[in-house]
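Inspection log for the structure reproduced underneath, given as structure tokens.
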Amino acid sequence: MRKYYFSIVSILILLLSLLAFSDNLITDIGQESNRDPKFVIHGIFMFLWFSIFAIQANLIRKDNLETHKKLGIAGMIVAIGVVLSTFYLFYATYNGWNNLVFYAKPNRFFVPTFAILIFLAFRYRRLPETHKRLILVANLLVLEPILSRSMSFTNVSPFIIIPLVWNAFFISLFIYDWTTNRKIHFISYMGFIWLYAVWAICFFL
């Protein structure tokens, strides 16, 4: 469990991102975003980020710390690209808070949270238990676009399947925490609380 958990989760997230955005990254199905530079650049940064996340998790599994450290610098550069390209998308497509669809509103909170958590992960990179959870929770919080698109292939209501999958990721982290440390890590449960707090805030705003 300790050895394989982060490898499995990182690969699952990468596969979901490929399923969700293959029409932007691999094929052209005639969407405007296939030819819009801001969406293409953002998609490239996201694909690189989740790819590096999967590679880094597997490097740790194989105890290849030297390569992990070197690739971590590239990861930070890509993470900055993810945040800046996302903020630009917010700016370029922003039509006012009240005009946003409900499920898009939480991302206005989760992307800054992602930026903070990734910065903290870099800051605490010498504390492996803290470092890896900060990165995983940061990724889990920005899953909505990936889940919204990848889960559409299931033909199950998004109001059912997306919460199920999202919660399953967090529950798997809780199980990992409990089986390895006999307690749920502070970062794990605070990420889960923040997930629901943001959705509650957006519901009432």
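The values are calculated or read from the model by the stated rules, or taken from the named source; none is laboratory data. All values reported here derive from a predicted model rather than from experimental measurement. Here the Cβ is made from the backbone with ideal geometry for all residues, glycine too, and neighbour counts use every protein chain on show. With ligands, DNA and RNA removed, areas are computed over all heavy atoms of the protein, side chains included. Shrake-Rupley method; radii C 1.70, N 1.55, O 1.52, S 1.80 Å.
Would you check which residues across region 71-96 are loosely packed, with under 11 Cβ neighbours inside 10 Å, assigned to a helix (DSSP H, G or I) and not small (Gly, Ala, Ser) and list them?
Step one: list which residues in region 71-96 are loosely packed, with under 11 Cβ neighbours inside 10 Å, which gives 73, 91-92, 95-96.
So of that shortlist, the ones also assigned to a helix (DSSP H, G or I) come out as 73, 91-92.
Passing the criteria: ILE73, TYR91.
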(Q) Considering only residues that are among the aromatic types (Phe, Trp, Tyr), in contact (Cβ under 8 Å) with a residue 24 or more places away in the chain and closer than 20 Å to PHE47 by Cα, which ones fall in region 62-110? (A) PHE87, TYR88, PHE110
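Report, by residue number, each residue of region 97-127 that is open to solvent by 50 Å² or more (accessible area, probe 1.4 Å), of a type outside the set (S, T, N, Q) and over 15 Å from the mean Cα position of the chain (by Cα).
First, the residues of region 97-127 that are open to solvent by 50 Å² or more (accessible area, probe 1.4 Å): 97-99, 101-103, 108-109, 116, 119-120, 122-127.
With the extra rule that they be of a type outside the set (S, T, N, Q), the set shrinks to 97, 101-103, 108-109, 116, 119-120, 122-127.
Those that are open to solvent by 50 Å² or more (accessible area, probe 1.4 Å), of a type outside the set (S, T, N, Q) and over 15 Å from the mean Cα position of the chain (by Cα): TRP97, VAL101, PHE102, TYR103, LEU120, PHE122, ARG123, TYR124, ARG125, ARG126, LEU127.
Looking at LYS62, is it basic (Lys, Arg) and open to solvent by 60 Å² or more (accessible area, probe 1.4 Å)? Talk me through it step by step, then tell me what you get.
Values: basic (Lys, Arg): yes; open to solvent by 60 Å² or more (accessible area, probe 1.4 Å): yes.
Against the criterion (basic (Lys, Arg) and open to solvent by 60 Å² or more (accessible area, probe 1.4 Å)), LYS62 qualifies.
State the number of residues belonging to region 187-204 that are in contact with a Pro (Cβ under 7 Å, 6 or more places away or on another chain) and open to solvent by 30 Å² or more (accessible area, probe 1.4 Å). Lay out the reasoning, then the answer.
First, the residues of region 187-204 that are in contact with a Pro (Cβ under 7 Å, 6 or more places away or on another chain): 198-199, 202.
Then drop every residue that is not open to solvent by 30 Å² or more (accessible area, probe 1.4 Å), which leaves 199.
So the count comes out to 1.
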Q | Given (1) of a type outside the set (Val, Ile, Thr); (2) open to solvent by 40 Å² or more (accessible area, probe 1.4 Å); (3) touching a Phe, Trp or Tyr at 6+ places or on another chain (Cβ under 8 Å), number of the condition LEU134 does not satisfy | A | (2)
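Assigned to a helix (DSSP H, G or I), aliphatic (A, V, I, L, M) and either open to solvent by 50 Å² or more (accessible area, probe 1.4 Å) or under 27 Å from HIS185 (Cα atoms) (or both): is that true of LEU140 in this structure?
Details: assigned to a helix (DSSP H, G or I): yes; aliphatic (A, V, I, L, M): yes; either open to solvent by 50 Å² or more (accessible area, probe 1.4 Å) or under 27 Å from HIS185 (Cα atoms) (or both): yes.
Yes; evaluated as a whole, the condition is true for this residue.
Would you mention how many residues in region 143-163 are aliphatic (A, V, I, L, M), within 21 Å of SER7 (Cα to Cα) and in a helix (DSSP H, G or I)? Lay out the reasoning, then the answer.
Going residue by residue through region 143-163, those that are aliphatic (A, V, I, L, M) are 143, 146-147, 151, 156, 160-162.
Subset that is within 21 Å of SER7 (Cα to Cα): 143, 146-147.
Next cut, in a helix (DSSP H, G or I) only: 146-147.
Number of matching residues: 2.
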Q: Just give me the residues in region 5-35 being at pLDDT below 75, open to solvent by 50 Å² or more (accessible area, probe 1.4 Å) and assigned to a helix (DSSP H, G or I), in sequence order.
A: LEU25, GLU32
Q: State the number of residues belonging to region 166-186 that are in contact with an Asp or Glu (Cβ under 9 Å, 6 or more places away or on another chain) and either buried (at least 18 other Cβ atoms within 10 Å of the Cβ) or within 13 Å of LEU136 (Cα to Cα) (or both).
A: 2
Q | Residues within region 119-137 that are over 20 Å from ILE8 (Cα atoms), in a helix (DSSP H, G or I) and touching a residue at least 40 places away in the same chain (Cβ under 8 Å), tallied | A | 1
